[in-house]
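Chemist: Here you go, one structure.
The values are calculated or read from the model by the stated rules, or taken from the named source; none is laboratory data. This one's a predicted model, so the numbers in the text were calculated from it and none came from an experiment. In this analysis, Cβ positions are derived from the backbone assuming ideal geometry, glycine residues included, and neighbour counts consider all displayed protein chains. Heads up: the accessible areas ignore ligands, DNA and RNA and are worked out on the full protein's heavy atoms, side chains in. Shrake-Rupley method; radii C 1.70, N 1.55, O 1.52, S 1.80 Å.
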Amino acid sequence: MTNKEKRGRPRKSSESVKSKSVLLRLEEKEKRAFEDAARVAGIPLAVWIRERLRRAATRELEEASRPIAFLDHLRMG
């Protein structure tokens, strides 16, 4: 076998790699509830948290007539 197959998950494109993190301290009950909600939604906890934060930020920034940084690329068109 001359061509070795690479193992593991394929690399993500540079556009889809997330490079920042946020440390969030929660009460154990909060984390359990968030994990349960993520399971109900059928998605990983980190995805569930990110989607909910984006929804909340969008709503609050729209109400304040403020720009939404993570939507800028969608509104340029």
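Chemist: Can you give me the number of residues within the range 15-55 that are of a type in the set (A, V, I, L, M, F, W, C), exposed (fewer than 10 other Cβ atoms within 10 Å of the Cβ) and assigned to a helix (DSSP H, G or I)?
Modeler: Matching residues across the range 15-55 total 1.
Chemist: Could you identify the single residue in LEU61, LEU71 that is open to solvent by less than 60 Å² (accessible area, probe 1.4 Å), modelled with pLDDT of 95 or more, assigned to a helix (DSSP H, G or I) and within 21 Å of VAL22 (Cα to Cα)? Steps first, please.
Modeler: Details: LEU71 fails: modelled with pLDDT of 95 or more.
Checking each option against the conditions leaves just LEU61.
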